[in-house]
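Right, I'll just put the structure down here and ask away after.
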Amino acid sequence: MSEPTSCVRARPRSQPSCYCSRCDLLVGLEGFHVIDVSEHAGVIRAVIESPAGPAGCSLCGVVARSHGRREVKLIDVPCFGRPVQVVWRKRTWRCAEEHCPARSFTEQDLNLAGPRALLTTRACWWAIRQLRREHASVAGLARQLGTTWRTIWRSIRPLLEVMAADPARFENVASLGVDEHIWHHVSTKPIGEGGRGPKELTGMVDLTRDRHGHVRARLLDLVPGRSGKAYADWLTERGEDFRAGVKVAALDPFQGYKSAIDDNLEDAVAVLDAFHVVKLGTHAVDECRRRIQQKTLGHRGRKGDPLYGIQNLLRAGAEKLTDKQRERFDTAIASNEDAHLAVYVAWSCAQQLRSAYRHPNPAEGRRIAEQILVAFPTCPIPEIARLGRTLKRWRDAFLAYFTTDRSNNGGTEAVNGLIELHRRVARGFRNRDNYRLRMLLIGGGLSHSHLK
């Protein structure tokens with residue numbers, strides 16, 4: 001027969017080639033050999049060992065005597081859709097030096113597993129990559145590995161904490177974004193009294209462009225509270241070198257964050273986020289529509305009311321309206337031209353605001369924005385006048401968009417979307433420290449060679 005009918009490991013152990021190279025290749029643990037593979041209750045059980053050889057004492061360096069082996073069970077990455085248990089037959093030695101305090105010692109290999117570990121090193125990094133790239137939950141990973149939530153989290157949390165404590169992740173930040181979000185909806189009592197602390201967290205995001213001019217948003221940190229003090233304290237902790245490197249600071253129209261930027265980032269240009277400015281314009285149109293609705297009909301919008309029928313069209317850009325939609329729009333305005341003229345003017349002002357951001361030439365867009373700052377505050381429509389006063393108060397940050405290569409807070413909003421996704425996947429969080437580590441991981445704030 002030209003082909004073997006069994007694994008070459010079946011040969012006598014006295015032969016030097018008793019290990020199976022194909023089994024070793026499949027398991028893929030460098031420096032270790034597979035001596036047995038079996039299945040127990042749906043779990044693959046692989047027994048591995050390192051080849052015999054001399055070893056020196058870790059303290060005195062004297063060649064030690066073999067003291068047998070002992071088995072250590074570890075959870076490894078799943079294989080062929082089944083959980084895997086690795087049984088490591090660790091070599092033990094006894095030091096031959098009579099006065100050596102080491103006495104006996106056991107084989108260690110950090111590439112396989114750390115001391116007293118329950119998961120192999122590659123299982124820990126596999127779980128971390130699944131959380132980051134595949135949007136997995138810890139409970140789902142526990143089912144795949146055949147273990148518990150607590151076992152997995154206790155194994156990977158130290159790795160996440162080491163990455164989070166690395167000061168190098170705050171280097172080379174030239175553009176910084178900030179935004180807040182709600183991380184829980186339960187008691188806001190202090191953590192020591194059984195609550196979860198503040199509902200709001202302030203998130204800082206690196207919006208620095210790469211060499212191609214693209215923004216690769218990266219979550220830098222999450223701190224409790226939604227206030228200028230929370231942001232200012234975080235900036236102070238980062239140190240002078242970090243603050244001096246930030247040249248652009250994007251933000252939503254919240255004065256607390258603006259004050260923190262003015263006080264701590266003196267060399268940075270504050271930029272008001274374009275999305276939120278356009279949103280303010282759309283909100284002003286909506287408020288005007290509701291006011292005219294009440295004034296003309298005496299009730300909130302109902303089916304069949306002209307203005308209520310075009311409420312969604314009033315929120316859309318003029319360039320996106322089809323001919324049929326434009327006809328509906330004109331018909332609704334013309335149904336009571338005197339009263340509805342205010343709504344039309346408010347909508348036109350909002351479209352002018354959008355056009356400033358949409359113009360392909362930033363210089364021309366800035367010119368339109370300067371016209372808005374002059375015209376809107378004196379508009380007879382109260383909603384537009386209020387919007388004009390708001391933009392005038394934020395004049396420098398509003399116009400900075402056109403002189404900073406269209407910097408904005410969009411990357412921060414994208415990171416917030418990832419945070420919302422993972423909070424839903426996890427069915428909520430009870431521990432803010434765990435929440436911060438998980439969100440730093442999925443937000444790109446943690447880096448390691450295993451995550452590339």
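Taking 0.36 nm per residue of separation and subtracting the Cα-Cα distance, what length does fully extending Leu451 through Ala414 add?
Contour length minus the Cα-Cα distance gives 11.3 nm.
What nm distance separates the two modelled labels at Asp267 and Ala316, each placed 7 Å from Cα along Cα→Cβ?
4.8 nm
Do you know the relative contact order of the chain, to the nearest whole percent, from alpha carbon pairs under 8 angstrom that are 6+ apart?
On the way: 704 pairs, mean separation 56.2, N = 452.
It rounds to 12 percent for the chain.
Something else about it: Helix 382-393 versus the longest principal axis of the chain: what is the Cα-based angle in degrees, 0 to 90, to the nearest 10?
With rounding to tens, the tilt is 60 degrees.
To continue, here is another question. How much FRET efficiency would the formula 1/(1 + (r/R0)^6) give for Gln351 and His299, where r is the Cβ-Cβ distance and R0 is 35 Å, rounded to 0.05? It would help to have the intermediate numbers written out before the result.
Details: r = 28 Å, r/R0 = 0.80.
Efficiency computed from Cβ-Cβ geometry: 0.80.
What does the accessible area per residue of the stretch 164-260 come to in Å², with a 1.4 Å probe and no ligands, DNA or RNA counted?
Here the residues of the stretch 164-260 average 47 Å² of exposed surface.
How much of the accessible area of the stretch 48-207, probe 1.4 Å, is carbon plus sulfur, in whole percent?
Carbon and sulfur atoms account for 51 percent of the accessible area of the stretch 48-207.
For percent of Cα pairs over 28 Å apart, several values are listed as [x] 56; [y] 66; [z] 49; flag the one computed from this structure.
So the structure-derived entry is [y].
Please list 3J(HN,Hα) in residue order for the stretch 105-116, calculated via the Karplus relation 6.51 cos²θ - 1.76 cosθ + 1.60 where θ = phi - 60°; whole Hz, with x for glycine and proline.
3J(HN,Hα) across the stretch 105-116, in whole Hz: 8, 10, 4, 10, 8, 5, 5, 8, 6, x, x, 6.
Let me ask something else. If we sort 210-216, 296-302, 443-449, 117-123 on the protection proxy, mean other Cβ atoms within 10 Å, highest first, what's the order?
Top to bottom by mean Cβ count within 10 Å: 117-123, 443-449, 296-302, 210-216.
Okay, next question. Once both labels are modelled 7 Å past Cα along the beta-carbon direction, what's the Asn431-Thr106 spacing in nm?
Going by the 7 Å Cα→Cβ label model, 2.5 nm.
Per DSSP helix of 4 or more residues, -39500 (n - 2.57); summed, then divided by the residues of the chain. What does that give at 222 nm, rounded to the nearest 500?
-13500 deg cm²/dmol
Using the beta-carbon distance between Val374 and Glu337 and R0 = 35 Å, what value does 1/(1 + (r/R0)^6) give for FRET efficiency, to the nearest 0.05?
Values: r = 27 Å, r/R0 = 0.78.
Efficiency for this residue pair is about 0.80.
What does the charge add up to near His185, with Lys and Arg as +1, Asp and Glu as -1, over the other residues with Cβ less than 10 Å from its Cβ?
+2
Any chance you could run the full-extension gain for Thr236 through Arg216? It's 0.36 nm times the residue separation minus the Cα-Cα distance, nm to one decimal.
On the way: separation 20, 0.36 × 20 = 7.20 nm, distance 2.43 nm.
In short, 4.8 nm is gained.
Cross-link candidates for Lys303: which aspartates and glutamates have Cα within less than 12 Å, leaving aside residues fewer than 8 places away along the same chain?
Partners found: none.
So what's the gap between the Cα centers of the stretch 174-244 and the stretch 85-126, to the nearest angstrom?
For the stretch 174-244 versus the stretch 85-126, the Cα centre distance is 40 Å.
Within the set Lys324/Lys392; Lys258/Lys392; Lys295/Lys392; Lys189/Lys247; Lys199/Lys279, which residue pairs have Cα atoms separated by over 26 Å?
Over 26 Å Cα-Cα: Lys324/Lys392; Lys295/Lys392; Lys189/Lys247.
On a 0 to 90° scale, report how tilted helix 228-238 is relative to the longest principal axis of the chain, with both axes built from alpha carbons and the result rounded to the nearest 10.
Its long axis makes an angle of about 40 degrees.
Follow-up question, since we're still on this one. Against the longest alpha carbon principal axis of the chain, how many degrees, from 0 to 90 and to the nearest 10, is the axis of helix 121-133 turned?
Result, in degrees: 10.
Which value, in Å², gives the accessible area per residue of the stretch 53-153 when a 1.4 Å probe is used on the protein heavy atoms? The partial results should precede the final answer.
Working: 5550 Å² over 101 residues.
Per-residue value: 55 Å².
The values are calculated or read from the model by the stated rules, or taken from the named source; none is laboratory data. Quick caveat, the model's predicted, so the values are computed rather than measured. Positions of Cβ are backbone-derived with ideal geometry, glycine not excepted, and every protein chain shown enters the neighbour counts. Side chains are part of the model used for accessible areas, which takes the heavy atoms of the whole protein and leaves out ligands, DNA and RNA. Shrake-Rupley method; radii C 1.70, N 1.55, O 1.52, S 1.80 Å.
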